[in-house]
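Handing you this structure, nothing more for now.
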Amino acid sequence: MTNIISAKNVNKERCKTCIFHDDQEIITQERQAEIQTYLLTGKNHVCHTTNKICKGGRDFQLQMFHRLGFIEKPTNDALYKKIDEVMKHD
């Protein structure tokens, strides 16, 4: 059975052990690159402490999706707007 987490169920802050803190030493750079790669495909990273969407992972997505021109601004609202647009076309 797959756990489905709403795209809007994002942590409000990064947890203390977030792998997206600049000074994190929890995972290797290679593993972090793997996670960033799957985040760029639209998947979410789940926080190990709250089981919500990782705030650091979402921030990464917002910055990259904005730089790529996929969303208008690097905000959750812009992402949700794009998700709604894409879902209407399916």
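The values are calculated or read from the model by the stated rules, or taken from the named source; none is laboratory data. Only a predicted model underlies this, so the values are computations on that prediction, with no experimental measurement involved. Positions of Cβ are backbone-derived with ideal geometry, glycine not excepted, and every protein chain shown enters the neighbour counts.
Taking the range 6-15, which residues are surrounded by 12 or more Cβ atoms within 10 Å (Cβ to Cβ), assigned to a loop (DSSP other than H, G, I, E, B) and at pLDDT 90 or above?
ASN9, ASN11, ARG14, CYS15, listed by residue number.
Look at LYS55 and say whether it is in contact (Cβ under 8 Å) with a residue 40 or more places away in the chain, exposed (fewer than 13 other Cβ atoms within 10 Å of the Cβ) and not hydrophobic (A, V, I, L, M, F, W, C).
Judged against the criteria, LYS55 is not a match.
Considering only residues that are charged (D, E, K, R) and surrounded by 14 or more Cβ atoms within 10 Å (Cβ to Cβ), look in the range 58-79 and name the one that is nearest to ASN9 (Cα to Cα).
That would be ARG58.
Right, something else. Assess whether ASN44 counts as being among the polar types (S, T, N, Q), in contact with a strand residue (DSSP E or B) (Cβ under 7 Å, 6 or more places away or on another chain), in a loop (DSSP other than H, G, I, E, B) and surrounded by 10 or more Cβ atoms within 10 Å (Cβ to Cβ).
Yes: the conditions hold for ASN44.
While we're on this one: What about ASP84, is it without any contact (Cβ under 8 Å) to a residue 40 or more places away in the chain, in a helix (DSSP H, G or I) and over 15 Å from the mean Cα position of the chain (by Cα)?
yes
Name every residue in the range 25-39 that is surrounded by 13 or more Cβ atoms within 10 Å (Cβ to Cβ) and either in contact (Cβ under 8 Å) with a residue 60 or more places away in the chain or over 14 Å from ALA7 (Cα atoms) (or both), in order of residue number.
Across the range 25-39, the qualifying residues are GLN32, ILE35, GLN36.
Yes or no: the range 16-38 includes at least one residue that is assigned to a loop (DSSP other than H, G, I, E, B) and among the small types (Gly, Ala, Ser).
No, because not a single residue in the range 16-38 is assigned to a loop (DSSP other than H, G, I, E, B) and among the small types (Gly, Ala, Ser).
Another question about this same structure. Here are some conditions: (1) small (Gly, Ala, Ser); (2) part of a loop (DSSP other than H, G, I, E, B); (3) at pLDDT 95 or above. GLY57 meets all but one. Which one does it not meet?
(2)
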